[in-house]
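None of the figures in this text is laboratory data; all of them are computed from the coordinates on show. Since this is a predicted model, take the numbers as computed values, not measurements. FYI the Cβ positions are ideal-geometry reconstructions off the backbone, even for glycines, and counts take in every protein chain you see.
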Ligand code: FRU
């Protein structure tokens with residue numbers, strides 16, 4: 001099979017070669033999930049951005065396609081989204097063959113160098129052959145720059161109540177909403193967020209969508225921020241509120257994060273999927289993305305996740321949990337084992353997928369530790385500390401972290417999970433772990449670069465406990 005290099009994930013999306021960052025243009029059409037991505041095909045570091053392209057029928061197995069959108073005289077192609085223009089409002093297709101329309105940011109490096117503030121504008125491209133070929137719209141840009149340096153990452157969706165397209169745009173320290181009847185002409189509606197949420201860095205890659213909670217419609221706004229994440233560098237916060245076609249409003253006071261790990265950034269959802277919000281993020285962090293020790297390619301995406309709303313101890317929260325289809329990749333499941341004991345200790349072969357369902361109630365000062373390790377003395381620790389109410393990942397005992405001081409710091413998250421259950425699901429690949437507590441109530445995604453496979457797992461606890469454990473490896477998607 002292909003893509004067997006050291007550190008190459010076996011069931012996560014990676015580019016064939018070269019640099020990748022944000023997922024872009026995610027749209028479902030004709031049985032295919034399209035994934036475009038920020039791509040520099042000529043180098044393994046960030047550079048002139050193109051939209052790389054791949055498709056999947058199940059969000060798990062991917063087929064690489066040729067680069068979809070190339071830089072042109074207006075600039076290189078930064079992040080953005082894609083929609084199915086079902087009613088052909090843009091006139092770029094026909095009603096019988098509605099176009100897929102990509103809305104992206106042009107980044108004009110020459111203008112930036114020349115000292116202009118207006119180097120980011122929004123352009124569109126369209127396809128009338130299921131996303132295989134993309135034409136640029138002749139009237140680009142469709143949204144000019146008003147004189148603000150950070151003016152990018154358009155995420156567009158159809159707002160059925162007002163029968164308009166809504167664009168969420170990241171504008172420095174806020175999200176601006178624009179509306180359009182036809183994807184070509186855009187009108188400013190409102191700004192959100194200058195006095196709310198985390199502001200340790202620039203706001204990027206927004207996403208706005210509704211989710212049902214107990215029969216009520218809530219609107220979610222995702223906002224990536226860099227730096228200023230809960231564990232340094234890049235991370236994605238979210239707001240729960242209302243959207244009336246013009247304005248997003250929220251009563252939320254706390255800052256909430258989609259993922260507390262260091263490595264899930266710029267994630268957004270697929271458009272044109274009925275009744276579901278399916279999410280994918282870039283599994284890296286601008287703190288070290290350009291210098292991680294992979295060879296001929298850089299970066300992977302997270303696994304695809306489904307978003308939902310749930311109440312945790314009386315508070316509404318956004319959950320993200322792996323899409324079911326990954327389970328189709330599981331090789332024959334290993335025997336279920338049970339973890340029982342006074343000193344509660346278990347040592348096993350580490351699998352790519354492991355699920356622990358704890359049967360007994362935890363104690364107030366319980367400490368549970370998951371330790372992935374190998375014979376070389378490399379270890380990755382995941383701790384649940386109920387005395388301090390903190391969950392943490394420590395990758396400082398992995399050999400290969402010399403590329404960045406920042407990579408060593410311990411990642412922490414407040415233990416905001418339902419108190420009446422405890423289920424831990426761990427997805428481990430060649431250079432990443434994604435840990436889901438209680439079906440995505442608390443999530444931590446982190447890269448690691450061990451010299452040797454972390455092929456053993458040790459679970460310990462300071463109190464006796466009983467857990468059902470299931471584990472298995474995945475088939476490679478390559
Ligand atoms: C986020 C980001 C976007 C931008 C893109 C450039 O990671 O900085 O704001 O469009 O990457 O590659």
- Rounded, prolate or oblate (a/c below 1.5 giving rounded, otherwise prolate when a/b exceeds b/c) for the range 184-240 by Cα gyration tensor: oblate
- For the range 339-478, go through all pairs of different Cα atoms, get the mean of 1/r, take its inverse, and jot down that Kirkwood value in Å. 15.4 Å
- Decide, for the range 52-101, between rounded, prolate and oblate: order the square roots of the alpha carbon gyration tensor eigenvalues as a ≥ b ≥ c, take rounded if a/c falls under 1.5, and otherwise choose prolate if a/b is larger than b/c, else oblate. oblate
- Distance histogram in 5 Å bins (all Cα pairs of the range 393-457, percent per bin): 4, 15, 24, 22, 17, 12, 5, 2, 0
- Query: Which FRET efficiency, nearest 0.05, do residue 275 and residue 61 yield, Cβ-Cβ r, R0 25 Å?
  - Reply: 0.65
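What's the extension gain from residue 251 to residue 160 if we count 0.36 nm per residue and subtract their Cα-Cα distance? Don't jump to the answer; show the numbers that get you there.
Numbers: separation 91, 0.36 × 91 = 32.76 nm, distance 2.40 nm.
Net length gain for the segment: 30.4 nm.
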- Item | q = 0.12, 0.19, 0.23 Å⁻¹: log10 I(q)/I(0) that the Debye formula gives for the range 140-246, counting C-alpha atoms only | -0.41, -0.97, -1.28
- Enumerate the whole-percent occupancy of each 20 Å bin, from 0 to the last occupied one, for all C-alpha pair distances of the chain. 25, 57, 18, 1
- Rounded if a/c is under 1.5, else prolate if a/b is larger than b/c, else oblate: which is the range 1-110, with a ≥ b ≥ c the root eigenvalues of its Cα gyration tensor? oblate
- Project the alpha carbons of the range 157-216 onto their principal axes and report the range along each, largest first, in whole Å. 36, 35, 16
- Projected area of the range 279-399, taken from the Cα convex hull and averaged over every viewing direction, in nm²? 11.0 nm²
- Task: For residue 135 and residue 364, compute 0.36 nm times the residue count separating them, minus their Cα-Cα distance, and round to one decimal in nm.
- Result: 76.4 nm
- If N is the residue count of the range 72-133, its Cα Rg over 2.2 N^0.38 Å rounds to 1.34
- Message: Limiting things to C-alpha atoms, what are the Rg and the maximum Cα-Cα separation (Dmax) for the range 83-215, in angstroms?
- Response: 15.8, 53
